[in-house]
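J.: Input: one structure, supplied below.
Only the coordinates and a few stated rules stand behind these numbers; no lab work does. Everything quoted here is computed from the prediction, not taken from an experiment. Backbone-built Cβ (ideal geometry, glycine too); neighbour counts: all protein chains shown.
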């Protein structure tokens, strides 16, 4: 599958979401990038205690800050996932080597990232009045579309 797919979690807050996203990454052969601060323990010991037996198969990269992550990686291959985006996640062509960037559960991504990159900011359609999907569901929806486009 896609070793070129990179899922980026900016300051994740809920360990169960990160665990589900890690499992999705292993299933897709994707890298998981986590941007600090992390609001919970992601050590191997904590992962084992949570029953995350697939954690050892995860390609995990930790970044000290969002600014550092953005400086180290090509922004042209980044897609910013947000309920505030104008474009649907199905309306873009994802490059094979793509970063799908997701914000923290309570706040999402910083608005300058979304509004400063309107062509690369995407959303999942929802009925009016729904604030957002669960983060791990959102990652799965967008990740599988990127993989589908690039030939499972």
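J.: In degrees between 0 and 90, to the nearest 10, how far off the longest principal axis of the chain does helix 15-28 point, with axes built from Cα atoms?
T.: The two axes meet at around 80 degrees.
J.: Between residue 96 and residue 133, what is the FRET efficiency for a Förster distance of 30 Å, r being their Cβ-Cβ separation, to the nearest 0.05? The partial results should precede the final answer.
T.: Values: r = 25 Å, r/R0 = 0.85.
Between residue 96 and residue 133 the formula returns 0.75.
J.: I've got another one for you. Can you tell me the FRET efficiency between residue 16 and residue 71 if r is taken as the Cβ-Cβ distance and R0 is 25 Å, rounded to the nearest 0.05?
T.: 0.25
J.: Another question, then. Take every DSSP beta bridge whose two residues both sit in segment 5-149, then give the antiparallel share in percent to the nearest 5.
T.: In segment 5-149, approximately 5 percent of DSSP beta bridges are antiparallel ones.
J.: Now, a different point. Taking 0.36 nm per residue of separation and subtracting the Cα-Cα distance, what length does fully extending residue 144 through residue 43 add?
T.: 33.7 nm
J.: Treating the angle as unsigned and between 0 and 90°, give the value, to the nearest 10°, between the Cα long axis of helix 135-149 and the longest Cα principal axis of the chain.
T.: 70
J.: Sorted by mean Cβ packing within 10 Å, highest first, what order do the peptides 22-29, 34-41 take?
T.: Listed from highest to lowest mean packing, they are 22-29, 34-41.
J.: Which whole number in µm²/s is D for the chain by Stokes-Einstein, with the Kirkwood Rh taken over Cα pairs at 20 °C and 1.002 mPa s?
T.: It diffuses with D of about 138 µm²/s by this estimate.
J.: For segment 129-144 and segment 14-72, what is the centre-to-centre distance using only Cα atoms, to the nearest Å?
T.: Centre-to-centre distance over Cα atoms comes out at 17 Å.
J.: Can you tell me, using C-alpha contacts under 8 Å and at least 6 residues apart, the relative contact order of the chain as a whole percent?
T.: Relative contact order for the chain comes out at 30 percent.
J.: What order, most packed first, do the peptides 134-146, 111-123, 55-67 have when packing is the mean number of other Cβ atoms within 10 Å of each residue?
T.: In descending order of packing, they fall as 134-146, 111-123, 55-67.
J.: Shifting gears a bit: With a ≥ b ≥ c the root eigenvalues of the C-alpha gyration tensor of segment 20-79, is it rounded (a/c under 1.5), prolate (a/b larger than b/c) or oblate?
T.: Values: a/c = 3.03, a/b = 1.54, b/c = 1.97.
Verdict is oblate for segment 20-79.
J.: Per-residue ellipticity at 222 nm for the chain, helices alone: DSSP H runs ≥ 4 residues times -39500 (n - 2.57), over residue total, nearest 500 deg cm²/dmol?
T.: -9000 deg cm²/dmol
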